[in-house]
1. Tell me whether the chain comes out rounded, prolate or oblate; compute the Cα gyration tensor, take square roots of the eigenvalues as a ≥ b ≥ c, and use a/c under 1.5 as the rounded threshold.
2. Give the calculated FRET efficiency between residue 84 and residue 10 to the nearest 0.05, with a Förster radius of 22 Å applied to their Cβ-Cβ distance.
3. Counting Lys and Arg as +1 and Asp and Glu as -1, what is the net charge of the other residues whose Cβ lies under 12 Å from the Cβ of residue 17?
4. With labels modelled as points extended 7 Å from the Cα through the Cβ direction, what inter-label distance (nm, one decimal) is found for residue 59 paired with residue 38?
5. How much of the DSSP beta bridge set in the chain is antiparallel, as a percent to the nearest 5?
6. Which net charge results when you count Lys and Arg as +1 and Asp and Glu as -1 among the other residues whose beta-carbon is under 9 Å from that of residue 36?
7. Mind telling me which of 23, 61, 50 comes out most flexible in a GNM of the chain, alpha-carbon contacts under 10 Å?
8. Choose one of 12, 47, 93: the residue whose Cα lies farthest towards the positive end of the charge dipole of the chain (beta-carbon charges +1 Lys, Arg; -1 Asp, Glu; about the Cα centre).
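Read the figures in this text as sums done on the coordinates, not as results from a lab. Please read these numbers as outputs of a predicted model, since none were measured by experiment. Cβ sites come from the backbone with ideal geometry, for glycine too, and all protein chains shown count toward neighbours.
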Amino acid sequence: MSLITLRKSLGHAYILINSITFLKPIQRNDEEQLYVNLACQHLSLYQFDLCPCCLKIRRYLHQLDLPIACKDIEKNIQYRHELEQLGGLVQVPCLRINKMGRQDDKWLYESDDIIVYLRKHFSK
Ligand SMILES: N[C@@H](CCC(=O)N[C@@H](CS)C(=O)NCC(=O)O)C(=O)O
């Protein structure tokens with residue numbers, strides 16, 4: 001079995017387990033959710049469906065109820081180019097952080113660092 005086939009099989013298994021063990025999203029009042037929605041407009045997640053680390057992040061996005069745009073680098077070659085040329089590396093997941101009023105975006109690679117960032121900014 002090739003590594004790609006193994007990775008895809010693992011991805012499908014993770015997606016199945018994820019759908020069975022989905023957690024209930026946290027609850028916020030309208031004002032809090034509005035703040036979160038606005039903040040999320042400055043973030044985007046580069047990822048693809050069958051990547052286990054990406055699934056870990058998508059699961060956390062669901063848990064924290066964060067409407068962050070997910071950019072699939074396997075389905076859209078433009079996203080892959082953006083990640084490579086602007087971020088500097090084709091590795092997912094990667095959180096693109098646009099600081100308000102700044103031209104240079106921050107590209108946060110490593111799923112554990114992304115979790116830490118999201119927890120710091122959005123968990124209750
Ligand atoms: N330590 C990294 C591992 C990330 C990783 O290995 N990502 C793989 C996908 S699962 C990747 O980007 N591979 C490059 C590619 O598929 O082109 C993390 O936890 O985020």
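1. Numbers: a/c = 2.36, a/b = 1.19, b/c = 1.98.
Here the chain falls in the oblate category.
2. Numbers: r = 24 Å, r/R0 = 1.10.
E(calc), rounded to 0.05, equals 0.35.
3. Numbers: positive: 56, 59; negative: none.
Here the count lands on +2.
4. Taking the two extended label points, one gets 3.3 nm.
5. About 65 percent, rounded to the nearest 5.
6. Numbers: positive: 28; negative: 32, 65.
Net charge around residue 36: -1.
7. 23
8. With unit charges placed on the Cβ atoms, the residue in question is 12.
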